[in-house]
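J.: Questions regarding the structure given below will be posed in turn.
The values are calculated or read from the model by the stated rules, or taken from the named source; none is laboratory data. Just so it is clear, the model here is predicted, and its values are computed rather than measured. Here the Cβ positions follow ideal geometry from the backbone for every residue, glycine too, while neighbour counts run over all protein chains shown. Note: accessible area is taken over every heavy atom of the protein model, side chains too, but ligands, DNA and RNA are not part of it. Shrake-Rupley method; radii C 1.70, N 1.55, O 1.52, S 1.80 Å.
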Amino acid sequence: MPAQSSTSALTLVPRPTEAALRPGHFALDADTALHIGEGAEPAAELLRTLLAPATGLPLRPSPDGRFTLALDSGLGDLGEEGYALTVDPHAVLLRAAHPTGLLRGIQTARQLLPPQALSATEQRGTRWLLPCADITDAPRHPWRGAMLDVARHFQPVSYLRRYVDLLALHKLSVFHLHLTDDQGWRMPVAAFPKLTEIGGHRTESQQGPAGSGAYDGVPHGGAYTRAELTGLVRYAAARGVTVVPEIEMPGHVRAALAAYPRLGNHPERTLDVWTRWGVCDTVLGVHDEVLDFCRTVLDEVMDVFPSPYIHLGGEECPTTEWTHSAAARERALAEGLSGFEALHGWFLGRIGDHLVRSGRRPVGWAETGAELPPEFTVMTWREPAHALTAARRGHPVINAHHRATYLDYAQSDAAHEPPAQPGGVVDLRAVHAHDPVPEGPEESQDGDDLVAGRVLGTQAQLWTEFVTTAAHIEYLTYPRLCALADRGWSGPTDWTDFRSRLDGHTARLDALGVHRHP
C-alpha cells in the first residue's frame, strides 16, 4: 500500500508541514521503554505525565527503548519549534534541534493516539496504537498566543494550568495573562500590598441595577500569590508555553488608584474599584512618584515572569484628567511636549525604556499602529491596516484584529448563545480566515518580504466582562482557538480540509472534558 500524503487522514490540529501516513501501527504497552537522548529528559517527563492518567503506562527509560527522543543539531533548519517524527511498526523516533521542538512533537504523538489517551482517568481495554507515519513539521509564525483576562473575572490558578494544557495541545506558544485593569488587580507586589488587598476586590455597584450591561453589580475578588504565579510559569515552560504578563498603564488603572489614590491626578479623591465595563477616565498621574511606582511593580513582574516580553497595555487612555492637572501641565512643558496627548507616548517611552534596560521587550496595544514608541512590539486590534502601518514603521507586530481573534464575541446569532460582548458575530470561519500577515495596496520602501518578516504572529483574546466561569471560557474558546492555532502554525489551509481535521479533533476535546461550542 503506498504512503498516504494527506494530513487530513491524521486529523491533526494544527496541520503538519509535511506528513505521510503509512501502513501499520506501533503499539504502546507496558513493555514500551523510552530511549532518552542527552537533553531530551524534560520531553520524556512530559510524555509520561500526559499519557499516564489514561494509559497507566510507565514508559521507563532504557538504552534499548524502542521509543527514542533525541536532540539532533542536523534539524536546525526547522527552527526552535520544529521536529521530525517517524513511526514504524517496531520503533518511534522523535527528533528536534531544540528541546521545545521535542515538546511540540510529543503533542503530535499524543494526537496520533486514540482520543481516549487524553482522558484524565484510566481507560481500560483500549489499545494504544500510533499509526505509522513520517512527519516533518515547523511553525509559520513564532507568536501563536491566547490572552485570558482574569482582571474582570478572576480564575483560580488550577484553571490557568488547565488553560495552559489546552494551549500546549494546539502548539500555541504564548499565554498572555491580563492581570490588571479598572475592575481588579490580581498580581501581588510586595512594596504595594494594597494593590491586591483593596484593588483585588470590587463591591456591589450602587449606580444602578445589576444586569444592565453597563456595570456588573456583583461583588467579586481574588488575587494570586507569588508562589502560584511562579509555579504557573514553570508549569507552562515544561509544556513549551511562555507566560506573558500584562500590567495596564497609564489607563485602565482604576483598581490601582483605589488602593493608592496618590498615584492619580486627584490624590485627595477616594475611589472604588470600578464596577462598570467600558473605558474609565481615571488614569495615572505623570509625577515622579508614579514612574517610580511603575518601575517597582515591573521589577517584581520581571522577577516572577522570565518572559522576554512584558505587556504594558497602553490603550484607551483618556487625557481628560491630564488637561485639568497642573502637574501634568508642568510635565508637558518640562519635556517640551506638543500637548497633553503627547504625555501618553512620553509615559510609555519612559516605562518601556526601563524594560529595555532590564533586557526585556515592551509590548503595547496599538489603536492606530503609529502611536507607540519605537522600542515597542505592537499588538494591533482595531483595523487590519494598522498591522501594516506598524510593520512599516519597523515595529515587530502581533496581529490581533478584533473581528477575527476576539473570542468574547458570540460565535453565532442563535438565541441559545450565552452572554457575549456586544457586537457582531465572530464565527469559526472568520477565525480560520484571519491571516496574520497584512495585505496593503502599496509596497513598503523596505519591501513586502521585510514587512511580512516583522509580523511575529497572532493571538486570540478573551475579555471577561460577561464571562464568569471556566465552562463559559471554554465554550467561547473552543473550537475557535483550534482555527487560530491552525492558521498560526500552518499558514493558510483549505477550509474543507480544516473542517475535516476538526471533526476528528473534537473527539480529543471531548475526552478532555472541554465544554465546547457544538
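Condition check ((1) acidic (D, E); (2) within 23 Å of L512 (Cβ to Cβ); (3) touching a Cys at 6+ places or on another chain (Cβ under 9 Å)) across all residues:
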| position | (1), (2), (3) |
| --- | --- |
| L78 | no, no, no |
| Y83 | no, yes, no |
| H90 | no, no, no |
| G105 | no, yes, no |
| A120 | no, yes, no |
| D137 | yes, yes, no |
| D149 | yes, yes, no |
| Y163 | no, yes, no |
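J.: Could you run through the range 351-383 and say how many residues are out of contact with any Leu (no Cβ under 9 Å at 6 or more places or on another chain) and surrounded by fewer than 16 Cβ atoms within 10 Å (Cβ to Cβ)?
T.: 7
J.: Under 8 Å between Cβ atoms, which residue pairs at least 6 apart in sequence (or on different chains) link something in the range 252-275 that is within 15 Å of G221 (Cα to Cα) and assigned to a helix (DSSP H, G or I) with a partner that is of a type in the set (V, I, T) and open to solvent by less than 20 Å² (accessible area, probe 1.4 Å)?
T.: R254/V273; R254/T282; A255/T180; A255/V273; A256/T180; A258/V273
J.: Test each condition in (1) of a type in the set (V, I, T); (2) farther than 26 Å from W365 by Cα; (3) in contact with an Asp or Glu (Cβ under 7 Å, 6 or more places away or on another chain) for T225 and report the one that comes out false.
T.: Condition (3) is where T225 drops out.
J.: Sticking with this one: Could you grab me the full set of residues in the range 48-65 that are in contact (Cβ under 8 Å) with a residue 40 or more places away in the chain and in contact with a strand residue (DSSP E or B) (Cβ under 7 Å, 6 or more places away or on another chain)?
T.: Answer for the range 48-65, where residues must be in contact (Cβ under 8 Å) with a residue 40 or more places away in the chain and in contact with a strand residue (DSSP E or B) (Cβ under 7 Å, 6 or more places away or on another chain): T55, L57.
J.: Also, I was wondering about something else. Please count how many residues of the range 18-65 are open to solvent by 40 Å² or more (accessible area, probe 1.4 Å) and at positive phi.
T.: Residues that pass the stated criteria total 1.
J.: For the range 279-308, give me the residue count where each residue is among the hydroxyl-bearing types (S, T, Y) and either open to solvent by less than 10 Å² (accessible area, probe 1.4 Å) or touching a helix residue (DSSP H, G or I) at 6+ places or on another chain (Cβ under 9 Å) (or both).
T.: Qualifying residue count for the region: 2.
J.: Moving to a separate point now. When you scan the range 467-493, how many residues do you find that are at pLDDT 95 or above and either open to solvent by 10 Å² or more (accessible area, probe 1.4 Å) or among the acidic types (D, E) (or both)?
T.: 11
Residue-by-condition table, conditions (1) at pLDDT below 95; (2) open to solvent by less than 30 Å² (accessible area, probe 1.4 Å):
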| position | (1), (2) |
| --- | --- |
| Q206 | yes, no |
| Y224 | no, yes |
| T230 | no, no |
| V244 | no, yes |
| E248 | no, yes |
| G264 | no, yes |
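J.: Now for a different question. Tell me which of these G424 doesn't satisfy, since it passes every other one: (1) modelled with pLDDT under 95; (2) over 18 Å from T380 (Cα atoms); (3) within 20 Å of the chain's Cα centre (by Cα).
T.: (3)
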